[in-house]
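What follows is a set of notes on a single structure, which appears directly below.
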Amino acid sequence: MSTELVQTIAEIRQLLEPIRSSQTIGLVPTMGALHEGHGSLIQQARKETDCLVVSIFVNPLQFGPRDDYTRYPRTPEADLDFCSRLDVDLIFEPEVEEMYPTPSLSTVEVTRITDHLCGPFRPGHFTGVATVVAKLFQIIQPQRAYFGEKDAQQLSVIERMVSDLNLGVTVVAVPTVRESDGLAVSSRNQYLSPQERALAPVLYRALQVAQQAIAEGVLDSGKVQKRALAVLEQEQSVTVEYLEIVDPEEMQPVERITGPVRVAGAIRIGATRLIDNLLTAP
Ligand code: AMP
């Protein structure tokens with residue numbers, strides 16, 4: 001079956017209604033500019049669900065005034081080809097006016113999990129994400145929804161929202177897809193100049209240094225952090241936003257590493273912001 005492009009809420013509901021009782025519906029929410037990272041989510045979802053919906057929506061609510069909303073890459077034709085090749089059933093690609101016909105007076109705010117890491121650097125971002133994902137869950141009503149571990153804090157926010165609000169969706173976490181030099185694949189990588197692109201894997205290298213230190217038995221987070229920061233500080237054109245060691249569920253900083261932790265970092269290279277993380281344990 002070929003991939004069908006749907007732009008309105010009424011139409012996607014109409015298409016899904018008759019199959020709902022007999023088929024498992026899977027959702028992969030994206031902002032488009034699809035790449036191998038999204039491909040991995042789609043492939044896993046394809047194996048586990050009968051009817052696979054990929055949503056493509058650059059959600060203005062999750063971008064701050066200084067973020068890259070207007071310049072965020074938009075590649076609708078390539079995305080349609082990409083989804084067709086991976087046997088996606090439906091692409092839901094609404095206009096902003098379809099999703100937000102009037103300004104949202106109702107939002108979903110997940111607290112605590114958003115206090116650290118990207119939270120303080122992107123005020124309102126996770127409320128924008130949680131709100132749009134809640135809306136997509138209401139519109140599509142999938143049994144299963146797929147999210148990348150690359151955005152680990154986002155994944156925790158969604159898992160907690162689903163559990164706190166009894167949304168009844170199984171959230172599936174998919175491992176991060178990387179380029180051969182370790183850089184996490186991201187739509188934002190295309191902003192990087194060739195020189196910046198060459199520097200970008202430093203974030204993954206720093207996370208690996210932290211992972212190695214923890215594996216060797218360095219259990220004081222401050223010491224682990226120092227080793228990883230030393231890697232980042234070797235590159236003068238890299239600005240560090242944060243490099244933290246947090247618990248994997250609530251993303252709270254840990255002082256002493258006694259179990260699994262996520263080492264997460266955000267850097268800026270020129271105008272481009274990159275994030276990455278690794279799950280690790282002593
Ligand atoms: P985005 O289009 O950037 O909002 O991403 C849509 C989904 O794809 C999110 O759940 C991301 O975590 C996931 N994703 C993005 N990049 C990667 C990657 N390199 N590996 C795995 N998942 C990814």
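The values are calculated or read from the model by the stated rules, or taken from the named source; none is laboratory data. Everything numeric here is computed off the predicted structure, so don't read it as measured data. As a convention, Cβ positions derive from the backbone with ideal geometry for all residues, glycine included, and neighbour counts pool all protein chains shown.
Tabulated data for the structure shown
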| item | result |
| --- | --- |
| Test for residue 34: is it surrounded by 21 or more Cβ atoms within 10 Å (Cβ to Cβ), under 27 Å from residue 109 (Cβ atoms) and out of contact with any Ser or Thr (no Cβ under 6 Å at 6 or more places or on another chain) | no |
| Considering residues of region 21-63 that are within 14 Å of residue 89 (Cα to Cα) and in a loop (DSSP other than H, G, I, E, B) only, the residue nearest to the ligand (Cβ to nearest atom) | 49 |
| Any pair with Cβ under 8 angstrom, 6 or more apart, that starts in region 40-52 at a residue that is of a type outside the set (Val, Ile, Thr) and ends at one that is part of a helix (DSSP H, G or I) and more than 15 Å from the ligand (Cβ to nearest atom) | 50/19; 51/16; 51/19 |
| Filtered residues of region 230-253 (kept if of a type in the set (A, V, I, L, M, F, W, C), in contact with a helix residue (DSSP H, G or I) (Cβ under 6 Å, 6 or more places away or on another chain) and either surrounded by fewer than 18 Cβ atoms within 10 Å (Cβ to Cβ) or part of a strand (DSSP E or B) (or both)) | 238, 240, 243, 245 |
| Residue satisfying condition, being surrounded by 13 or more Cβ atoms within 10 Å (Cβ to Cβ), in contact with a Lys or Arg (Cβ under 7 Å, 6 or more places away or on another chain) and either over 30 Å from residue 49 (Cα atoms) or not aliphatic (A, V, I, L, M) (or both), within set 210, 184, 206, 264 | 210 |
| Matching entry among 122, 112 (being more than 17 Å from residue 250 (Cα to Cα) and either at pLDDT below 95 or of a type in the set (Lys, Arg) (or both)) | 122 |
| For residue 69: the one exception among (1) surrounded by fewer than 18 Cβ atoms within 10 Å (Cβ to Cβ); (2) outside any loop (DSSP other than H, G, I, E, B); (3) of a type in the set (Phe, Trp, Tyr) | (2) |
| Matching residues, region 133-152, being more than 10 Å from the ligand (Cβ to nearest atom) and in contact (Cβ under 8 Å) with a residue 60 or more places away in the chain | 136, 137, 139, 140, 141, 142, 143, 144 |
| Counted residues, region 162-197 - those being in a helix (DSSP H, G or I), away from the ligand (no atom under 14 Å from the Cβ), under 24 Å from residue 137 (Cβ atoms) and touching a residue at least 40 places away in the same chain (Cβ under 8 Å) | 1 |
| Tally of residues being touching a residue at least 12 places away in the same chain (Cβ under 8 Å) and part of a helix (DSSP H, G or I) across region 198-229 | 21 |
